[in-house]
Amino acid sequence: MASSADEVVLSLSESNSVTVHLHGATVTSWRHKGTERLFVSKQAVFNNKKAIRGGIPVVFPNFGPWDLGPQHGFARTSRWTVESKDDKPSNGAIKAVLILEDNEATRKMWNHKFKVTYTLTLKETEFVMDFAVENKGDQAFSFTALLHTYLRVEDVTKTTVSNLKGLNYVDKVKGGDMFTEDRELVSLAENYDRVYQNTPDEHVVMDGESGRTVIVKKTNFPDTVVWNPWADKAKGMSDFGDDEYPNMICVEAGHVSSAVTLTPGDTFHGNQVLNIVQ
Ligand code: TA6
């Protein structure tokens, strides 16, 4: 599949590729040995206006509802530009660099000068996302950021997420109250919308139905959001099929419980690696 005006395709081989849409720098496909590993709703809208429902939307400069602009910030509904793209793989990897800089529209919402550099590198069993935010202005600013990863699964009720035991989480389904996780392996069979805090840098996400297993590795993203809308909320989303919720789980690496503050000239570096085990 070739790149187009709206999409960049990174092809490591015929069966290993990543596709990223310039609307929001939203990764919309990650194929490994011909198998799609990300979930994108069949009802996702690609009109370069609405956030794309699925893949890996970029949440910046605000996670969640925002007084200054759209929920989850403007990054996922902005047009990004390609700073560089490998024409072909080298040393077993293929890479693209996408950037988002402040513009009139962003400054109207959030009056700061910034440059986000989002480097995507596809390797045989790893997909690496480097996320850098530079303060290009003369004033400090604060933000929250997250990679809103929708992993595809055969059956979410048989899917487990590791390394959450003992951690505090904000449960947005239960009024934002704080709880502590007591399970070694977290699985869900209802609407989950949890912000786990101070999480380890690795989570093993295993789809018990298919056996497919991905390790979510993260650096400088101290929080992990686990989300599935479940049946009722799915019905209320026009860009999410009523019957799709069993086939996805969001395990999202972010810096959202506390804000990052950058002084002028400072740069934040966050990283996520999705590592395929099976
Ligand atoms: O990451 C979980 C969450 O914050 C949920 O609260 C839910 O709103 C989800 O993001 C999707 O948000 P969206 O604005 O894409 O519908």
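How much FRET efficiency would the formula 1/(1 + (r/R0)^6) give for GLU124 and SER210, where r is the Cβ-Cβ distance and R0 is 25 Å, rounded to 0.05?
Details: r = 20 Å, r/R0 = 0.79.
According to the calculation, E is roughly 0.80.
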What's the carbon and sulfur percent of the chain's accessible surface, probe 1.4 angstrom, rounded to a whole number? 46 percent
Can you give the accessible area of GLU134, probe radius 1.4 Å, in Å² rounded to 10? 60 Å²
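Nothing charged except the Cβ atoms of Lys and Arg (+1) and of Asp and Glu (-1): what's the magnitude of the dipole of region 4-276 about its Cα centre? Round to the nearest 20 debye.
Values: 30 positive and 37 negative charges, 87 e Å.
The calculation lands at about 420 debye.
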Using the heavy atoms of the protein chains alone and a 1.4 angstrom probe, what is the accessible area of the chain per residue in square angstrom? 42 Å²
Could you pull out every residue, at least 5 positions away or on a different chain, whose amide H is within less than 5 Å of the one on LEU22? Hs are placed 1.01 Å off N in the peptide plane, and Pro or chain starts have none. GLU7, VAL8
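Report the full-extension gain for the segment THR261 to ALA93: residue separation times 0.36 nm, less the Cα-Cα distance, to one decimal in nm.
Contour length minus the Cα-Cα distance gives 57.2 nm.
Report the charge-dipole magnitude of region 5-81 in Debye, nearest 20, computed about the Cα centre from +1 at each Lys and Arg Cβ and -1 at each Asp and Glu Cβ.
Values: 9 positive and 5 negative charges, 34 e Å.
Computed about the Cα centre, the dipole is about 160 debye.
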Select from LEU68, GLN197, GLN278 the residue farthest towards the positive end of the dipole of the chain; place +1 on Cβ of Lys and Arg, -1 on Cβ of Asp and Glu, and compute about the Cα centre. LEU68
What 222 nm value per residue comes from the helices of the chain, counting each DSSP H run with n ≥ 4 as -39,500 (n - 2.57) and dividing by all residues, nearest 500 deg cm²/dmol? -1000 deg cm²/dmol
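Show me the ranking of peptides 204-210, 228-234 by mean Cβ neighbours inside 10 Å, starting with the highest. Intermediate values should be presented prior to the final figure.
Values: 204-210: 18.1, 228-234: 16.4.
Packing order, densest peptide first, comes out as 204-210, 228-234.
Pairs of alpha-carbon atoms within less than 8 angstrom and 6+ residues apart define the contacts here; what relative contact order does the chain have, in percent? Please report the intermediate quantities before stating the final value.
Working: 751 pairs, mean separation 50.5, N = 278.
Computed value for the chain: 18 percent relative contact order.
Taking K and R as +1 and D and E as -1, what net charge do the other residues with C-beta under 14 Å from the C-beta of GLU209 add up to?
Numbers: positive: ARG152, LYS158, ARG212; negative: GLU154, ASP155, ASP207.
After counting each charged neighbour, the total is 0.
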Out of THR117, THR159, HIS148 - ranked by how far each Cα lies towards the positive end of the dipole of region 116-169, with unit charges on the beta-carbon of charged residues - the top one is THR159
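Taking the Cβ-Cβ separation of LEU68 and LYS233 as r and a Förster radius of 22 Å, what is the calculated FRET efficiency to the nearest 0.05? Mind dumping the intermediate values first?
Working: r = 25 Å, r/R0 = 1.14.
So, using R0 = 22 Å, E works out to roughly 0.30.
What percent does the relative contact order of region 176-251 come to when contacts are Cα pairs within less than 8 Å and at least six residues apart?
Relative contact order of region 176-251: 29 percent.
The values are calculated or read from the model by the stated rules, or taken from the named source; none is laboratory data. All values reported here derive from a predicted model rather than from experimental measurement. Note that each Cβ is placed from the backbone with ideal geometry, even for glycine, and that neighbours are counted across all protein chains shown. To get the accessible areas, we keep the full protein, side chains included, count just its heavy atoms, and leave off ligands, DNA and RNA. Shrake-Rupley method; radii C 1.70, N 1.55, O 1.52, S 1.80 Å.
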